[in-house]
């Protein structure tokens, strides 16, 4: 804020320097020697990049910014407003800052961010809940017989979740509130969102699950309903059988191999 005021900026964009090889993943900010923003490059190739300063999505605006925003129509900050400021030669500056900044715009980024928080790579983020044993954090009213569950931290388990005897949880993994991990299920380096039920014998490795939706850490999705397998990974708010029908056993084995 101090530097923003000193420059008399109407708008300031916070930038961060990244290695050149990472530039194609971000929007690049090009400034002159005084820090004034001259142009932008959206995910340029390495050989075309004019800067290694990327847009963190953190802005400071003065109220006068509304003079540049038309009313009654959609107007995007990155695609419309910032280029208009440059075109009008407005006092618009970029301020580079070295700080811990994590992009979670894509599934692999989000999965990695959760892993990094649990393992302590990302600092200044406290894992919520109570640490009941080294590396195992739980929220309120978690139902589990810990001596009958195979668990290796770091793991976070949200409140009201039920872990059945014989389940296996291998960290870094995060399980949300009101989930059910059934007997024989294996959750390995995965993120399970709230209200998810992982059926008996299901093996999840490097996955993200929300309700009946299962997504690989690369972002590739597995449509459980289309494959008639939505009884394996379901929503805990609905009434589902605890054990799969006998005729689905062969399909379950195929799914476990795929996962």
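Quick look at the values:
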quantity	calculated
For region 75-135, diffusion coefficient by Stokes-Einstein and Kirkwood Rh (Cα), 10 °C, 1.306 mPa s, µm²/s	104
Percent of Cα-Cα distances greater than 29 Å, calculated over the chain	48
Protection proxy ranking, peptides 70-80, 206-216, average beta carbon neighbours within 10 Å, highest first	206-216, 70-80
Angle in degrees between helix 249-258 and the longest Cα principal axis of the chain, rounded to the nearest 10	30
Least to most buried among 157, 60, 114 (fewest other Cβ within 10 Å first)	60, 114, 157
Bins of 10 Å from zero: percent of alpha-carbon pairs in region 1-140	10, 33, 28, 18, 9, 2
Considering only region 1-132, percent of DSSP beta bridges that pair antiparallel, nearest 5	70
Stretchable slack from residue 205 to residue 3, in nm (0.36 nm times residue separation minus alpha-carbon distance)	68.1 nm
The chain, relative contact order in percent, only Cα pairs under 8 angstrom and at least six apart counted	11
Crossing angle, helix 107-119 versus the chain [Cα axis fit, 0-90 degrees, rounded to tens]	70
Theoretical ellipticity at 222 nm over the chain - DSSP helices of four or more residues, -39500 (n - 2.57) apiece, nearest 500	-3500 deg cm²/dmol
Peptides ranked, highest mean first, by Cβ atoms within 10 Å: ranges 93-106, 161-174, 191-204	191-204, 161-174, 93-106
DSSP beta bridge pairing in the chain, given as percent antiparallel to the nearest 5	45
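Any read-out appearing in this document is the output of simple, stated calculations on the displayed coordinates, not a laboratory observation. Everything numeric in this text was worked out from a predicted model, so none of it was measured. Reconstructed Cβ throughout: ideal geometry from the backbone, glycine too, with neighbour counts over all protein chains shown.
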